[in-house]
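For reference, the structure discussed in these notes is given below.
The values are calculated or read from the model by the stated rules, or taken from the named source; none is laboratory data. Since this is a predicted model, take the numbers as computed values, not measurements. Note that each Cβ is placed from the backbone with ideal geometry, even for glycine, and that neighbours are counted across all protein chains shown.
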Amino acid sequence: MIIIGVAVGVILVVAVGLFFARRVDGDSTNFLVAGRSLILPLSAAGLMGQAVDSNATLGNMDLSFSLGFWAGASLPLGLSLCLLLTGLLFAARMNRMGLFTLPDFYRQIYGRGVEVTASILMIAGFAILLAGNLVAGGYLFERFLGTSYTVGVLIIVAVVLAYTITGGMFSDAYTALVQMVITAIGSVSLLIWTGLHFGLSAAPGTGPFDFEQLTTAAGGAPINWATLISLGIGDIVAIDFMQRIFSARSPATARNACLTGAVLTAAVGVCYALVAVAVGSVLGPDAQTPILFTLLGQFAPAWLAILVLSAIVAASCSTANGVILGTASVAVRNIRGMRDPSIGTGPSGTDPLLRAVRWTMLPMVLISILIALRVPQTGILLTLAFDLLLACLLVPFVMGHWWPTRATRAAAVAAIVVGLAVRLTLFVLTPTIFGSDNTLLYIPNSLITKDFDGYPTFLGLGASLLAFVVVALVRPPRVPATLSRREDYQDLAAASATGSRSGAVSR
């Protein structure tokens, strides 16, 4: 009965996606950024849908259950912080520039080489993020349908591709609206049911007001703060978030959608974290993960299980949709260099850019499937993805906005190379990743212990910032120092709006 109910929800989402796919009408601008026409509810739902994924729900609950409220809640709260900062500082600016993908910004500011480098790093990070969402589907169908984990991963991929390949951003926007309504209702219902049946008290030291989780190393403060910073700041350079910002019909819509999404993301995430710490004594310390599936399968009534599991599938599909679309767009537009959506139409009635993006989705998905089969975890994959982007790409992005006269190609390259080198070196030398064993790539050594976990996030970002500032100060400015930031930004925006591929690349 449970799996039938979930199947009905999946069919509804696919039907909505296919129905609105017709609005693409063979135009890659419609496919990539929904014709830049999305109103506030659709924009906000899309941003929330990218934030409230299976990492921020299943991963949130598993970490909260085992390590305390702040270990898990730092995932959705970090994503909420990202949307808040993006809305306040960047959304209106980025929407006004008329871009198609986030690496377009790096090309405008730093040139072609940095664009390609940023694109490769983003695709790598988001392949990890997509894998985390495929993990949720694998576990769900394994637990409730009786399939193998691998078959479960393939099922969720098939569902998402069914409407993503056809409808692009239009399908994403309208399915996200449906998915986020289901997610909001499901999370609140789960919290209320848990409170009525088990209460909402937490074991000592694990609750939301036990702030030693944020102030002491023994309470996990370095890891919890690293998670908040990695997602709250590193996620600013998220290709899926930015593509929804580009799709909003106005700068004000983009800004308000980010702020609305921030509030809703935090609310949903806190619900799941509170449930996790409340059921610790009920499930016991050895409960099978994902904890949410164990709770629903053994204790919850069928109607609640159907509602919440539908919400999890919806969240996974929404994020997977955006990531597949975003990575394929970046691969074609920014790595291959196929940028002009008006090149002309092919024999199928669609322009070549649209056709190329659709075909490129398949290898992007294959990479994530391989990662999901190798590392079947949720929350850790989310944090790791943006930890890498935080160490490499955030500093050049922020400086391109707020220190434009010194935002040179040399400074950006230095920030990327140094940040990546420091972060990867610390990654392979640290035995744990945000509290979990480093099963990806660990070189045994006696220099770094698990107590160092969390600190590499800050050291990678600090190294990137230091490298950028040093190089920026010793190199000549990119434009005359008398040029104001507003004038510089307007020049770049005008170049983007007219489709200029040259950008301001004199260094």
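Scanning region 430-482 for residues that are crowded, with 21+ Cβ neighbours inside 10 Å, outside any loop (DSSP other than H, G, I, E, B) and β-branched (Val, Ile, Thr) yields Ile433, Thr457. Which residues, counting only those in region 93-113, are crowded, with 21+ Cβ neighbours inside 10 Å and in a helix (DSSP H, G or I)? Matches in region 93-113: Met94, Asn95, Leu102, Pro103, Asp104, Phe105, Tyr106, Arg107, Gln108, Ile109, Tyr110. In this structure, Gly326 qualifies as touching an Asp or Glu at 6+ places or on another chain (Cβ under 6 Å) and either assigned to a helix (DSSP H, G or I) or at pLDDT below 75 (or both). Among the helices (runs of 4 or more DSSP H) confined to region 1-56, there are none with at least 3 residues that are aromatic (Phe, Trp, Tyr) and either surrounded by fewer than 18 Cβ atoms within 10 Å (Cβ to Cβ) or in contact with a Cys (Cβ under 8 Å, 6 or more places away or on another chain) (or both). Any residue at all in region 74-89 that is buried (at least 24 other Cβ atoms within 10 Å of the Cβ), under 24 Å from Ala302 (Cβ atoms) and either at pLDDT below 90 or out of contact with any His (no Cβ under 7 Å at 6 or more places or on another chain) (or both)? The answer is no; no qualifying residue exists. In summary, Thr294 fulfils each of the numbered conditions (1) surrounded by fewer than 21 Cβ atoms within 10 Å (Cβ to Cβ); (2) over 28 Å from Gln213 (Cα atoms) with the single exception of condition (2). Counting just the residues of region 164-189 that are aliphatic (A, V, I, L, M) and buried (at least 24 other Cβ atoms within 10 Å of the Cβ), which one comes out farthest from Gly269 (Cα to Cα)? Among residues in region 164-189 that are aliphatic (A, V, I, L, M) and buried (at least 24 other Cβ atoms within 10 Å of the Cβ), the one farthest from Gly269 (Cα to Cα) is Met169. Anything in region 424-455 that is touching a residue at least 40 places away in the same chain (Cβ under 8 Å) and not polar (S, T, N, Q)? List them, or say none. Scanning region 424-455 gives Ile433, Phe434, Gly435, Leu440, Asp451, Asp453, Gly454, Tyr455. Based on what the data block shows, is Ser171 closer than 28 Å to Thr294 by Cα and among the polar types (S, T, N, Q)? When the stated conditions are applied, Ser171 does not pass them.
For every residue, the table says whether it meets (1) part of a helix (DSSP H, G or I); (2) out of contact with any strand residue (DSSP E or B) (no Cβ under 7 Å at 6 or more places or on another chain); (3) free of Cβ contacts under 8 Å to residues at least 12 places away in the same chain; (4) within 19 Å of Val8 (Cβ to Cβ).
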{"position": "Val157", "(1), (2), (3), (4)": "yes, yes, no, no"}
{"position": "Gly167", "(1), (2), (3), (4)": "yes, yes, no, no"}
{"position": "Phe170", "(1), (2), (3), (4)": "yes, yes, no, no"}
{"position": "Tyr174", "(1), (2), (3), (4)": "yes, yes, no, yes"}
{"position": "Met180", "(1), (2), (3), (4)": "yes, yes, no, yes"}
{"position": "Ile185", "(1), (2), (3), (4)": "yes, yes, no, yes"}
{"position": "Leu196", "(1), (2), (3), (4)": "yes, yes, yes, no"}
{"position": "Leu200", "(1), (2), (3), (4)": "no, yes, no, no"}
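Close contacts from region 272-289, counting a first residue that is within 14 Å of Leu58 (Cα to Cα) and a second that is part of a helix (DSSP H, G or I) and among the charged types (D, E, K, R), with Cβ to Cβ under 9 Å and a gap of 6+ residues or different chains, come to Ala276/Asp62; Gln288/Arg143; Thr289/Asp62. For region 338-361, how many residues are at pLDDT 55 or above and either of a type in the set (S, T, N, Q) or out of contact with any Gly (no Cβ under 9 Å at 6 or more places or on another chain) (or both)? Adding up the residues that qualify gives 8.
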